[in-house]
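Okay, structure first, notes after.
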Amino acid sequence: MKRTLRQLTQLAALLLLEITPPCAPSSAQVSLDDPRSPLDLVRRISLLGVSGRVDHMAFDAGRDQLFVMEIGNGSVDDIDLASGTVAGRITVVL
């Protein structure tokens, strides 16, 4: 079966999201404003048209990209972290 580049990209993104290990749950909640927080807010990037929950994320350090799985939409957003924009959206039709 011959696959297009778009289909291969979709498959790769879904596989990447499936093999990314989940973060361990934490019982302590600390706001970003709290000096004890290990996190620094660098930028906010709006994800337009997201309904439902965000389920998984995968980070590609070599390309400075973040892939965000939007389970309610059945889609994956490709975030370009250098520009702070959504580079594209992969919609999965099941």
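The values are calculated or read from the model by the stated rules, or taken from the named source; none is laboratory data. Predicted, not measured: the structure shown is a model, and the values here were computed from it. Cβ: placed from backbone, ideal geometry, glycine included. Neighbour counts: every protein chain shown.
Some points to look at:
- Residue satisfying all of: in the range 58-72; under 16 Å from Val92 (Cα atoms) and buried (at least 17 other Cβ atoms within 10 Å of the Cβ); farthest from the chain's Cα centre (by Cα) among these: Glu70
- Of all residues in the range 39-94, those that are out of contact with any helix residue (DSSP H, G or I) (no Cβ under 7 Å at 6 or more places or on another chain) and aromatic (Phe, Trp, Tyr) total 1.
- Residue selected from the range 1-41 under the condition over 22 Å from Glu70 (Cα atoms) and β-branched (Val, Ile, Thr), by the criterion modelled with the lowest pLDDT: Thr4
- Complete set of residues in the range 61-94 that are more than 14 Å from Arg43 (Cα to Cα) and of a type in the set (Val, Ile, Thr): Val68, Ile71, Val76, Ile90, Thr91, Val92, Val93
- Residues that are touching a Gly at 6+ places or on another chain (Cβ under 9 Å) and not in a strand (DSSP E or B), drawn from the range 44-55: Arg44, Ile45, Val50, Ser51, Gly52, Arg53
Conditions tested, residue by residue: (1) among the polar types (S, T, N, Q); (2) part of a loop (DSSP other than H, G, I, E, B); (3) without any contact (Cβ under 8 Å) to a residue 24 or more places away in the chain.
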{"site": "Val30", "(1), (2), (3)": "no, yes, yes"}
{"site": "Asp33", "(1), (2), (3)": "no, yes, yes"}
{"site": "Asp40", "(1), (2), (3)": "no, yes, yes"}
{"site": "Met57", "(1), (2), (3)": "no, no, no"}
{"site": "Arg63", "(1), (2), (3)": "no, yes, yes"}
{"site": "Asn73", "(1), (2), (3)": "yes, yes, no"}
{"site": "Asp78", "(1), (2), (3)": "no, no, no"}
{"site": "Ser83", "(1), (2), (3)": "yes, yes, yes"}
{"site": "Val93", "(1), (2), (3)": "no, yes, yes"}
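- Flag for Asp55 being among the charged types (D, E, K, R), surrounded by 10 or more Cβ atoms within 10 Å (Cβ to Cβ) and modelled with pLDDT of 90 or more: no
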